[in-house]
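Have a look at the structure below, then the notes.
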Amino acid sequence: MYYITLDLEWNQAYAQKALAVQKQLSLRLRGEVIQIGAVKLSEDLKICGSYSIIVKPKHFKKIHRHVSELTGISQEQMDEGVTLPEAAESFRRFCGKDFVFLTWGPDDIPMLKDNFRIHGLETAWLDATYDLQPIFNRQTDGQMAKQRSLEYAMEYYEIPMNLPAHDALNDAYFTALVASHLNIKEGIRTYHDGETQYLVEFVIGDADSGEDGYVTTGELLEDPLIQSPTCPLCKKALTEKNKMLHSRGQRYTKLFSCKSDGDLFLTLKLHRNFNDTWRAKVTIKHAEPEDIKEYEGKLAIEASFKRNPRSRRSSKKRHRTRSGGDKA
Ligand SMILES: [Zn+2]
């Protein structure tokens, strides 16, 4: 099996153009790939090939000044690039059959997939991919939450930066040099360790993938999928055990129980779609006793605020509604 380090450069549109394209495509397009750079490594992490191609964007045809300054790619170079379908075909040939992608950071593969979808290109062959950032963190100081730059990792291994950065091929090459210092097999084997194990995870109301978004958060919260969910394990209806807890950052948590599978947390994280409607990432996981305690504690605090609205200084609106109700 080969390892392929991948890096992309992408063009961004000026705000007005971006909005127009989003409307036309009915999806959010964060950028259009203008360079694919990749380096192939053998199983023992020796460099055995490289790939670079300039791609001509389909929608964001004018190179953004910042992108040009950062990457050194000019409007003329971009105009002379190949189309994405052509690039995809030649890149796939370079990758071969037996490989996994290694990237620095989580952004490149989703960006490439978004771009492929716009052109109706197959994306499944991009699925086998590992982000080296957490592998690096785990194998160095164990600080899993940190997002270290590629420059940081290069300094860590004393790799000289002897080529300009923000060139997709150079960055893929630097990524390959960092990878050669890591135990990649071990990194892949333990890649998902320590992650929260969700029983299910899905998105509702995702306008980017063609669904209808929810006009209000209330409408979303009243969806039967949220109101009366089924157990992801035994598929039977779950019983509500407590109220919905609303936390900062449009997060919602509610405790349910299943006769055969015990207590389960349903959590929601709401996001705005490009057209201002709402979508939510829904997850269901086993509820651990300490998390139930924390959740019930927060609900109790919320309930005490509702009983004594005066004690919540920021809640003036609620106070007014309440006293209005008293008079009536
Ligand atoms: Zn169940």
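Determine whether the stretch 82-89 contains at least one residue that is modelled with pLDDT under 95, touching a strand residue (DSSP E or B) at 6+ places or on another chain (Cβ under 9 Å) and under 30 Å from E211 (Cβ atoms).
Kept after step one, since they are modelled with pLDDT under 95, are these residues of the stretch 82-89: none.
For the stretch 82-89, residues modelled with pLDDT under 95, touching a strand residue (DSSP E or B) at 6+ places or on another chain (Cβ under 9 Å) and under 30 Å from E211 (Cβ atoms): absent.
Tell me yes or no: at least one residue of the stretch 172-184 is touching a residue at least 60 places away in the same chain (Cβ under 8 Å) and within 30 Å of K269 (Cα to Cα).
No - not one qualifying residue is present in the stretch 172-184.
Taking only pairs six or more apart or across chains, which ones have beta-carbon atoms under 9 Å, a first residue in the stretch 1-29 that is in the same structural domain as Q75 (by TED's automatic domain parsing) and assigned to a strand (DSSP E or B), and a second residue that is crowded, with 22+ Cβ neighbours inside 10 Å and basic (K, R)?
Qualifying pairs under 9 Å: none.
Determine, yes or no, whether N115 is among the polar types (S, T, N, Q) and out of contact with any helix residue (DSSP H, G or I) (no Cβ under 7 Å at 6 or more places or on another chain).
Details: among the polar types (S, T, N, Q): yes; out of contact with any helix residue (DSSP H, G or I) (no Cβ under 7 Å at 6 or more places or on another chain): no.
It is false that N115 is among the polar types (S, T, N, Q) and out of contact with any helix residue (DSSP H, G or I) (no Cβ under 7 Å at 6 or more places or on another chain).
Being surrounded by fewer than 21 Cβ atoms within 10 Å (Cβ to Cβ) and touching a residue at least 60 places away in the same chain (Cβ under 8 Å) is the filter here, so list the residues in the stretch 251-275 that pass it.
Result: N273, F274, N275.
Could you list all residues from the stretch 226-240 that are part of a loop (DSSP other than H, G, I, E, B), exposed (fewer than 15 other Cβ atoms within 10 Å of the Cβ) and more than 8 Å from the ligand (Cβ to nearest atom)? Please lay out each step first, then the result.
Within the stretch 226-240, the subset part of a loop (DSSP other than H, G, I, E, B) is 228-229, 231-236, 238.
In the following step, the residues that additionally are exposed (fewer than 15 other Cβ atoms within 10 Å of the Cβ) were identified as 228, 234-236.
Listed by number, the list holds a single entry, S228.
Scan the stretch 148-164 residue by residue and report those that are assigned to a loop (DSSP other than H, G, I, E, B) and either under 12 Å from L132 (Cβ atoms) or of a type outside the set (D, E, K, R) (or both).
Step one: of the stretch 148-164, the residues assigned to a loop (DSSP other than H, G, I, E, B) are 148-149, 157-164.
Selection gives R148, S149, Y157, I159, P160, M161, N162, L163, P164.
The values are calculated or read from the model by the stated rules, or taken from the named source; none is laboratory data. In this text, all values refer to a predicted model and were calculated from it rather than measured experimentally. Here Cβ is always computed from backbone atoms with ideal geometry, including for glycine, and neighbour counts include all displayed protein chains.
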